[in-house]
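Peer 1: Supplied in structure tokens, the structure appears directly below.
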Amino acid sequence: MLKKSIWVVLIQFIGVLLSFVTLYFIVGDMTPEVYSLVGTYTVILGVVNTFSHLGIETVMMRETLYWTEHNDTQKVVEYATQSMFSRIFGYIILLPLLLIYIFYIDYTKYDHQYLFLLFMFLIGALASTLNDCMSLIVRSKGGYVFAQFAKTLNNSIVKTFGLILYLKFGAAVYLYFFSLSSVPLFILFYLYVHKSFSSNFIQFKPMLKKVWESRFLWLRTDLDYFKNYADSILVSILFPAHIMGIYSLYKALENMAKDFIEGFFDVLSQNLVRFKGNYERLCKEEKKYNMIRAAILGVVVIVGVVFAIYSSQIISICNLSNYDHAAELVQCVFIVAIIYILGKYEINILAFFASSKLNFNLTVLISVISIAAFGALYFIPSLYGALFQRIIVYLTTTVLSIALFKKYRTEVYTRLFK
């Protein structure tokens with residue numbers, strides 16, 4: 001599994017390099033006002049990916065390797081099919097609210113200039129949520145390397161063509177192309193996992209039954225919205241377009257760091273599902289994990305210190321001088337990355353092993369604190385208030401996860417929870 005994690009990191013490294021090329025040539029050249037449209041698309045993706053997720057694929061993440069170990073492959077097909085069906089159902093429910101949002105944003109921020117582009121964002125969001133579903137299905141079977149490879153390949157092609165289109169035709173053509181960037185990945189994922197689907201399981205009532213049975217899992221995902229995405233939608237509503245553009249840059253960097261961390265550590269953690277109930281083996285794997293975590297944490301701290309010393313030079317090299325407070329954005333990313341790594345094992349073990357009700361209660365508590373942290377935008381009505389809220393959210397998640405893991409460690413390692 002460590003070998004798989006290393007492959008995932010190497011694949012992600014290619015993606016990071018391409019992201020920096022995009023930052024240099026496109027983000028660095030755009031004004032914050034225009035780049036705020038990317039932030040608007042991110043808001044739409046956040047709403048769709050979160051609230052169209054109805055918990056079935058999360059059950060797969062927790063159980064598929066266990067089912068496979070016990071030769072129950074038919075259940076894998078059943079859950080995979082109904083997870084895709086549930087995503088489409090969730091998207092249809094969300095569509096009226098999404099239409100209200102894009103009309104509001106187009107009227108208040110963009111003076112009716114980008115309505116058709118915003119409609120294209122809705123199409124891209126549908127492809128994106130289905131991609132998210134298929135990615136979870138692939139990962140639930142242990143296919144982390146393919147899932148990451150597919151995403152990186154798609155991003156590589158999209159960013160290469162996007163760069164060419166931007167340099168030749170400008171921002172408008174690039175943004176239309178960007179709005180449909182999820183479609184090639186949809187085709188790639190579908191070709192890979194289509195044998196996991198069967199029309200025999202496209203059934204409404206059984207799907208709703210699974211949604212109800214996994215209610216603590218999807219309610220947890222919905223509450224996670226306040227932790228992961230609500231800040232972006234608040235910034236898009238409360239602040240002018242150029243501030244939204246600057247904050248969109250921060251979110252892009254934060255997500256880049258988060259994806260890098262999750263791509264490595266989630267492979268290690270999800271593989272442990274096959275050892276459910278095996279206390280001694282899990283304790284042994286925990287020691288290995290902690291050694292790896294300490295080494296990676298040391299590297300991140302060193303890189304963060306180097307950036308702090310040479311921040312102005314690095315920002316200039318990355319062509320981000322057009323964005324006010326760019327150095328502070330990157331420094332905040334390093335802070336949240338360190339906090340996230342400190343609690344990543346505990347976060348994952350609770351997600352994969354603890355009861356769905358315990359996970360739900362934890363998410364409720366984190367969400368309440370996250371909502372309270374939005375008060376920072378009242379007392380600090382600026383970019384710094386939004387950044388402070390991000391630090392509070394990550395710190396809360398890590399501290400509470402570590403505390404609960406220590407309290408329930410033996411129980412989580414020895415019992416089989418649903």
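Peer 1: Confirm whether Ala351 is within 17 Å of the chain's Cα centre (by Cα), more than 19 Å from Val301 (Cβ to Cβ) and surrounded by fewer than 22 Cβ atoms within 10 Å (Cβ to Cβ).
Peer 2: Working: within 17 Å of the chain's Cα centre (by Cα): yes; more than 19 Å from Val301 (Cβ to Cβ): yes; surrounded by fewer than 22 Cβ atoms within 10 Å (Cβ to Cβ): yes.
The answer is yes for Ala351.
Peer 1: Based on what the data block shows, is Tyr250 within 22 Å of the chain's Cα centre (by Cα), closer than 30 Å to Leu383 by Cα and not acidic (Asp, Glu)?
Peer 2: Yes, satisfied.
Peer 1: Now a separate question. How many residues are surrounded by fewer than 22 Cβ atoms within 10 Å (Cβ to Cβ) and either among the aromatic types (Phe, Trp, Tyr) or over 30 Å from Tyr110 (Cβ atoms) (or both) when one looks only at region 234-262?
Peer 2: Total satisfying the criteria: 4.
Peer 1: Looking at region 131-228, what helices (runs of 4 or more DSSP H) fall wholly within it and have at least 3 residues that are at pLDDT below 85 and surrounded by 17 or more Cβ atoms within 10 Å (Cβ to Cβ)? Working first, answer last.
Peer 2: Details: elements: 144-169, 171-179, 183-193, 204-213, 215-228.
Answer list for region 131-228: 144-169, 215-228.
Peer 1: Find all pairs meeting these conditions: Cβ atoms under 7 angstrom apart; at least six residues apart or on different chains; first residue within region 269-287 and closer than 20 Å to Thr64 by Cα; second residue exposed (fewer than 13 other Cβ atoms within 10 Å of the Cβ) and aliphatic (A, V, I, L, M).
Peer 2: Qualifying pairs under 7 Å: Lys276/Leu416; Gly277/Leu416.
Peer 1: A further question on this structure: Return the total of residues in region 81-124 being surrounded by fewer than 16 Cβ atoms within 10 Å (Cβ to Cβ), over 25 Å from Gln203 (Cβ atoms) and not hydroxyl-bearing (Ser, Thr, Tyr).
Peer 2: 12
Peer 1: Report, by residue number, each residue of region 350-408 that is without any contact (Cβ under 8 Å) to a residue 40 or more places away in the chain, within 26 Å of Thr58 (Cβ to Cβ) and of a type in the set (Val, Ile, Thr).
Peer 2: Val368, Ile369, Ile392, Thr396, listed by residue number.
Peer 1: Of the conditions (1) under 25 Å from the mean Cα position of the chain (by Cα); (2) at pLDDT below 90, Val299 fails just one. Which one is it?
Peer 2: Status for Val299: all satisfied but (2).
Peer 1: Right, Asp231: assigned to a helix (DSSP H, G or I), under 20 Å from Glu346 (Cα atoms) and of a type in the set (D, E, K, R) or not? If you could, list the steps in order and put the result at the bottom.
Peer 2: Details: assigned to a helix (DSSP H, G or I): yes; under 20 Å from Glu346 (Cα atoms): no; of a type in the set (D, E, K, R): yes.
Criteria not met by Asp231.
Peer 1: Evaluate the following for Phe352: is it out of contact with any Asp or Glu (no Cβ under 8 Å at 6 or more places or on another chain), modelled with pLDDT under 85 and either assigned to a loop (DSSP other than H, G, I, E, B) or among the hydrophobic types (A, V, I, L, M, F, W, C) (or both)?
Peer 2: Working: out of contact with any Asp or Glu (no Cβ under 8 Å at 6 or more places or on another chain): yes; modelled with pLDDT under 85: yes; either assigned to a loop (DSSP other than H, G, I, E, B) or among the hydrophobic types (A, V, I, L, M, F, W, C) (or both): yes.
Yes: the conditions hold for Phe352.
The values are calculated or read from the model by the stated rules, or taken from the named source; none is laboratory data. Everything numeric in this text was worked out from a predicted model, so none of it was measured. Here Cβ is always computed from backbone atoms with ideal geometry, including for glycine, and neighbour counts include all displayed protein chains.
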